[in-house]
1. Would you mention how many residues in segment 16-28 are modelled with pLDDT of 80 or more and open to solvent by less than 90 Å² (accessible area, probe 1.4 Å)?
2. In segment 32-62, which residue that is out of contact with any helix residue (DSSP H, G or I) (no Cβ under 7 Å at 6 or more places or on another chain) and aromatic (Phe, Trp, Tyr) is least open to solvent (accessible area, probe 1.4 Å)?
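The values are calculated or read from the model by the stated rules, or taken from the named source; none is laboratory data. As the structure is a computational prediction, the values presented were derived from the model and not from experiment. Cβ atoms come from the backbone with ideal geometry, glycine included; neighbour counts cover every protein chain shown. All accessible areas refer to the heavy atoms of the entire protein, side chains included, with ligands and DNA or RNA removed. Shrake-Rupley method; radii C 1.70, N 1.55, O 1.52, S 1.80 Å.
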Amino acid sequence: MKKKILLYLLLFSLMLIPSSCGKKDCKAEGCSEEIYEEGLCKKHYFEKAIKKGIEEIGDLFD
């Protein structure tokens, strides 16, 4: 039983290692700012959110 628990803990920790070494910069082309949310810096995240909001408003009038 103890070996099973140890094995599960080891497997769980091995799954976490790659996620902790992920990309730290904005995924927008040419941007090297720190990630804010969804892989984007604050500027590009809010830019994307505003564009999405405008599209949704436009869909209301179609």
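1. 3
2. TYR45
Here is a yes/no grid of residues against (1) in contact with a Ser or Thr (Cβ under 8 Å, 6 or more places away or on another chain); (2) on the phi > 0 side of the Ramachandran plot; (3) modelled with pLDDT under 90; (4) part of a helix (DSSP H, G or I):
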site: LEU10; (1), (2), (3), (4): no, no, yes, yes
site: LEU14; (1), (2), (3), (4): no, no, yes, yes
site: GLY30; (1), (2), (3), (4): no, yes, no, no
site: ILE50; (1), (2), (3), (4): no, no, no, yes
site: ASP59; (1), (2), (3), (4): no, no, yes, yes
